[in-house]
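All of the numbers you see were taken from the coordinates with simple rules; none came from a lab. As the structure is a computational prediction, the values presented were derived from the model and not from experiment. In this analysis, Cβ positions are derived from the backbone assuming ideal geometry, glycine residues included, and neighbour counts consider all displayed protein chains.
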Amino acid sequence: MAGVKRIGQIAVAVSNLERAVAFYRDVVGLRFLFQAPPGLAFFMCGEVRLMLALPEKDQPAKVASVIYYLVDDIRTEYKALRDKGAKAEGEPHLIARMPDHELWMAFFRDPDDNMFALMSEVRNG
């Protein structure tokens, strides 16, 4: 796949668009772009666009893939999300020790029970 340069957009199925928009805008803190009919909302996260979408026709919302949001200070961001009402799956924890950094993660659930995570690469020294 030599032509693929980066991820441009990720779609997450939601059951209630207004509730999901409020969560990703006000709790997670992503930059809201716009809503478009029928049942779509768009956010930016760095260079990647996040699309929230109501299910088509009579299909139920499906659980999405896990999205990992890179942050500098995982403990501060974890506390901020918890303070805003995000449902945490556990405390930030060490995933792996690399030669030049430690990889830390903390997992959460959105209002539709989609899992997402904060990740932080803590440099040694």
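222 nm [θ] for the chain, helices only, -39500 (n - 2.57) per DSSP H run of 4+, per residue, to 500?
Numbers: 2 runs with 16 residues, N = 125.
Result for the chain: -3500 deg cm²/dmol, rounded to the nearest 500.
Over all directions, average the projected area of the Cα convex hull of the range 38-98 and note it in nm². Spell out each step's value before the answer.
Details: hull surface 25.3 nm².
Taking the Cα atoms of the range 38-98, their convex hull projects to 6.3 nm² on average.
Could you tell me which residue out of 33, 93, 117 lies farthest along the dipole of the chain toward its positive end? Charges go on the beta carbon: Lys and Arg +1, Asp and Glu -1, centred on the Cα centre.
33
So in the range 9-123, what percent of DSSP beta bridges are antiparallel if you round to the nearest 5? Walk me through the numbers before you get to the answer.
Values: 26 of 35 bridges.
Approximately 75 percent, going by the DSSP bridge assignments.
Which residue fluctuates most in the GNM of the chain (Cα springs below 10 Å): 13, 80, 88?
80
Based on the Cα coordinates of the chain, what is the per residue volume of their convex hull in Å³? Working shown, then result.
On the way: hull volume 17.0 nm³, N = 125.
Residue-normalised Cα hull volume stands at 136 Å³.
Within the chain, which is the longest segment containing none of the GluC sites (Glu not before Pro) that sit in a DSSP loop and have at most 13 other Cβ atoms within 10 Å? Kindly include the intermediate steps, with their values, before the conclusion.
Working: sites that count: 47, 56, 89.
Value returned for the longest uninterrupted segment is 1-46.
Between residue 10 and residue 89, what is the FRET efficiency for a Förster distance of 22 Å, r being their Cβ-Cβ separation, to the nearest 0.05? Spell out each step's value before the answer.
Working: r = 20 Å, r/R0 = 0.89.
Using R0 = 22 Å, I get an efficiency of 0.65.
Amide H neighbours of residue 14 under 5 Å, at least 5 residues apart or on other chains, H built in the peptide plane: list them.
53, 54
How large is ³J(HN,Hα) for each residue in the range 9-19, as worked out from phi by the Karplus curve 6.51 cos²θ - 1.76 cosθ + 1.60 (θ = phi - 60°), to whole Hz, x for Gly and Pro?
Karplus values, whole Hz, x for Gly and Pro: 7, 10, 9, 10, 6, 10, 9, 9, 5, 4, 5.
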